[in-house]
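*Asks:* Structure incoming, see below.
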Amino acid sequence: MESVPSAEESHQTSTENSQTATTAENSFTSLSITDPSYVPFVTSYSEIQTWRACQRKHHYAFGRKLSSKNKSVPLQIGTIGHALLEVYYKDRDTLGVQQAIHSTKEFFSKEMLENPHDYSQHALIPAYEAAMSFILDDPFKDYKILEVEKLYVTPISSSIDLAMRVDLILESPEGRCILVDHKFVGRPWDTPKLMMATQLDVYAGMLGHNGMVINDKMYNFVYHKTKTHAQESFTYNPAKVNNVLRETDMIAHLIAGRLTNNSIETQSQLSLRSHEQSICGWCPFLDLCYGELTDNPKIVETALGSLGPNEYGYREDTNGN
Ligand code: SF4
């Protein structure tokens with residue numbers, strides 16, 4: 001899951017990275033931004049994916065900045081699970097790990113009482129059990145930890161930065177650098193799905209721009225402990241990485257152009273909808289979309305009542321994993 005950087009965090013890191021961006025092997029970096037007042041358009045992988053799935057959905061989530069008032073259980077599980085693994089990997093080599101995990105669990109228990117729309121027992125218990133089961137049998141015990149939940153904001157072109165929060169970077173006993181993304185929701189993907197997944201390709205490419213060479217990419221299905229399967233399926237493929245980055249760059253420009261050049265009213269006229277059962281069925285804007293599509297103010301009003309401002313951040317991960 002990709003967490004959302006705050007605007008301040010994004011721009012701070014963006015400035016640091018803009019100043020240190022190095023020449024990359026492909027055409028997506030080698031940027032030298034010297035103007036201190038330069039503020040790039042910052043996008044994220046989840047925003048790109050939302051655009052690819054449905055431009056209408058992107059308009060609701062990122063143009064009008066709407067989100068469901070109730071945080072979905074899968075999103076809650078992902079948030080809590082990532083937080084638990086974050087404290088574990090940060091404290092794994094110290095005696096403080098038990099206390100850190102206990103404090104994190106306590107934090108979410110308190111959140112559950114204060115913000116029942118955001119967290120529930122239905123998420124806290126399975127997330128905690130999955131994380132603990134994984135931790136007790138840590139498949140990466142002998143690996144060196146290089147980075148945990150680190151935010152990178154890296155130029156993808158002269159005017160657009162890509163923000164990404166990397167779950168984990170490890171170094172194997174053989175000295176290979178491995179990029180890991182924890183998945184708390186869903187079953188392990190089969191090989192074709194693994195081959196078509198692009199998130200870690202984008203991340204590996206952007207890390208390459210930051211000077212870190214990734215040798216392997218791994219989707220870590222925490223519930224199912226499929227480390228071996230994922231590792232075998234995912235070797236680093238530079239051709240795929242470059243092609244995926246090229247497409248990401250292109251879409252990021254389309255998004256930046258749409259959001260900066262068109263008013264919200266103009267965007268509301270968008271007819272570009274996915275109308276795919278498999279996508280619409282999971283869409284938090286289904287009712288709103290239907291109400292607007294059929295010009296039914298009553299449905300629109302009711303739908304808007306179940307939505308609120310996107311308080312989790314402008315680049316909210318709407319995939320909920
Ligand atoms: S309901 Fe379907 S068409 Fe409408 S915004 Fe959502 S994904 Fe797009």
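The values are calculated or read from the model by the stated rules, or taken from the named source; none is laboratory data. Worth saying up front: this structure is predicted, and the values here are computed from it rather than measured. For neighbour counting, all protein chains shown are included, and Cβ atoms are generated from backbone atoms with ideal geometry for every residue, glycine included.
*Asks:* Among what's in segment 134-151 and is touching a Lys or Arg at 6+ places or on another chain (Cβ under 8 Å) and more than 11 Å from Y89 (Cα to Cα), pick the residue that is surrounded by the fewest Cβ atoms within 10 Å (Cβ to Cβ).
*Replies:* Only one residue tops the list, namely D137.
*Asks:* Let me ask something else. Restricting attention to segment 158-167, does a residue exist that is more than 14 Å from T43 (Cα to Cα), surrounded by fewer than 18 Cβ atoms within 10 Å (Cβ to Cβ), over 17 Å from the mean Cα position of the chain (by Cα) and of a type in the set (G, A, S)? Working first, answer last.
*Replies:* Of the residues in segment 158-167, the ones more than 14 Å from T43 (Cα to Cα) are 166-167.
Imposing the further condition that a residue be surrounded by fewer than 18 Cβ atoms within 10 Å (Cβ to Cβ) reduces the set to none.
The answer is no; no qualifying residue exists.
*Asks:* H59: touching a residue at least 24 places away in the same chain (Cβ under 8 Å) and in contact with a strand residue (DSSP E or B) (Cβ under 9 Å, 6 or more places away or on another chain), yes or no? Lay out the reasoning, then the answer.
*Replies:* Numbers: touching a residue at least 24 places away in the same chain (Cβ under 8 Å): yes; in contact with a strand residue (DSSP E or B) (Cβ under 9 Å, 6 or more places away or on another chain): no.
Here the answer is no, as H59 does not meet what is asked.
*Asks:* Does T302 count as part of a helix (DSSP H, G or I), away from the ligand (no atom under 14 Å from the Cβ), modelled with pLDDT of 90 or more and under 25 Å from S72 (Cα atoms)?
*Replies:* yes
*Asks:* Moving to a separate point now. Quick test for you: out of K141, K90, pick the one residue that is among the basic types (K, R) and out of contact with any strand residue (DSSP E or B) (no Cβ under 7 Å at 6 or more places or on another chain).
*Replies:* On the way: K90 fails: out of contact with any strand residue (DSSP E or B) (no Cβ under 7 Å at 6 or more places or on another chain).
Of K141, K90, the one residue that is among the basic types (K, R) and out of contact with any strand residue (DSSP E or B) (no Cβ under 7 Å at 6 or more places or on another chain) is K141.
*Asks:* Right, here's the next one. Hey, I214 hits all of (1) in a loop (DSSP other than H, G, I, E, B); (2) out of contact with any strand residue (DSSP E or B) (no Cβ under 9 Å at 6 or more places or on another chain) but one; which does it fall short on?
*Replies:* Tallying (1) in a loop (DSSP other than H, G, I, E, B); (2) out of contact with any strand residue (DSSP E or B) (no Cβ under 9 Å at 6 or more places or on another chain), I214 fails exactly one: (2).
*Asks:* Continuing with the same structure: Taking segment 107-130 as the region of interest, how many residues are without any contact (Cβ under 8 Å) to a residue 40 or more places away in the chain and either within 28 Å of L170 (Cα to Cα) or touching a Lys or Arg at 6+ places or on another chain (Cβ under 9 Å) (or both)? I'd like the intermediate steps shown before the answer.
*Replies:* Keep residues of segment 107-130 that are without any contact (Cβ under 8 Å) to a residue 40 or more places away in the chain, which gives 107-116, 121, 125, 129.
Cutting the leftovers down to either within 28 Å of L170 (Cα to Cα) or touching a Lys or Arg at 6+ places or on another chain (Cβ under 9 Å) (or both) gives us 107-108, 115, 125, 129.
Number of matching residues: 5.
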